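Below is one structure, written out as structure tokens; comments come after it.
The values are calculated or read from the model by the stated rules, or taken from the named source; none is laboratory data. The structure displayed is predicted, hence computed values, not measured ones. Glycine also receives a Cβ, built like all others from the backbone with ideal geometry; neighbour counts cover every protein chain displayed.
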Amino acid sequence: MNAIALQIVATGALVGVAASTLGTFLVLRGRALASDAIGHAIVLGIVLVWLATGATSGPLQLVGAAAAGVATVWIADALGRTRRVADDAAIGLTFPALFALGVLLLNVYARDVHIDAHTVLLGEIGFVWLDTVPVFGVAVPDALLWLSVVTLLNVGFVATFFKELELGTFDPALATAFGFAPGALGGALLALTSVTAVASFDAVGVVLFVAFTIVPAATGYLLVDRLARILWIAAGVAVASSVLGYLAASAADVSIGGGMAAATGVFFALALAFGPRYGLVAQRIRRRSERDVHENRALAVHLFQHAGTREAGEENVVGALRDHLRWSERKARDVVARSLDAGWVDRDGERLALTERGRAAAREILHPERRDAPSAR
């Protein structure tokens, strides 16, 4: 990669780490949609700050836009507390209205100003290297500088309050009992999410910001159960998506931001398919294994109930399994083969008989209450 490519990838990686660090807690708290609400609401904050001060960038825009994002979530929470609408519906009602108001104000009062909805939503990460500031005599992209500060702020916040955030995420009542103020930490989390959205929008746009906030965290959740590991995986997915998304977009000559967002989707799809616990393949294997166990148990019970009876010669044969257990011939032979391998069954031609291990398993299935009962002497 050349210097320009490195600056573009580094910008995407910083957005990814900053957003996914906070997004992990939003996803685990069931507040992932809040990032989308904040990302759209900052349009209103940007135009209101410009109308009040004339500033199109800088600290005032950062504070104003961040305040608009927090206000959006606060309004949505207030609607949710009325219990007239569900929490997710409250967010869905709030941010489109505020985003639409921001777009209207832009079109009415700011047509000749370099602020538009397209810039906020999509950005153009491919041009970050054009807007630079000197740092110790070196020209550094302005977006890269701001995002470095925001990333350090987010990572420092999570590292400092990790235990409090973890307990507030999984057990808010207990966190309150311990005096951790989960409500205040939740507000700080949303405020930092708003700041991250504002710092990101000029370079990568809201769409990529939302993708980096939600998708890497959701990917980590599919792979592991420990919060610290989810955070590491989310950051890794964000960085890898920035690199692979840039390479793919450059090769296909398409949007770089779109390529990075699509790369996060690829990682999520892989985790969804092949995750060790929640992946579709693992679940299918687990269900198949459980089905095999149930079929082995059904065979053991069938043989146990007919063992020693006059009809045992007719019932405890492979052919009878098709009629009594409604199994196909192939399935019957597969179950018998598995039971032989498990040491539950002995076979003499077509006749089947339980081993001592098989009889013990059958007794446990039929009389589970006797398993832990003390033996009579």
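For the reader, a short list of remarks on this structure follows.
- Top-ranked residue of the stretch 35-55 - restricted to ones that are out of contact with any Phe, Trp or Tyr (no Cβ under 9 Å at 6 or more places or on another chain) and modelled with pLDDT of 80 or more, ranked as surrounded by the most Cβ atoms within 10 Å (Cβ to Cβ): 45
- You will find that of 215, 243, 207, the residue that is surrounded by fewer than 24 Cβ atoms within 10 Å (Cβ to Cβ), at pLDDT 90 or above and either part of a helix (DSSP H, G or I) or touching a helix residue (DSSP H, G or I) at 6+ places or on another chain (Cβ under 6 Å) (or both) is 243 and no other.
- Screening residue 185 on (1) touching an Asp or Glu at 6+ places or on another chain (Cβ under 8 Å); (2) not in a helix (DSSP H, G or I) shows it passes everything except condition (2).
- Members of the stretch 133-180 found to be part of a loop (DSSP other than H, G, I, E, B), within 22 Å of the chain's Cα centre (by Cα) and free of Cβ contacts under 8 Å to residues at least 24 places away in the same chain, listed by number: 171
- Filter result for residue 254 (outside any helix (DSSP H, G or I) and free of Cβ contacts under 8 Å to residues at least 12 places away in the same chain): yes
- Hits in the stretch 74-97 - residues which are touching a Gly at 6+ places or on another chain (Cβ under 9 Å) and crowded, with 20+ Cβ neighbours inside 10 Å: 76, 90, 91, 95
- Failed criterion for residue 183 (all others in (1) modelled with pLDDT under 80; (2) within 24 Å of the chain's Cα centre (by Cα); (3) surrounded by fewer than 16 Cβ atoms within 10 Å (Cβ to Cβ) hold): (1)
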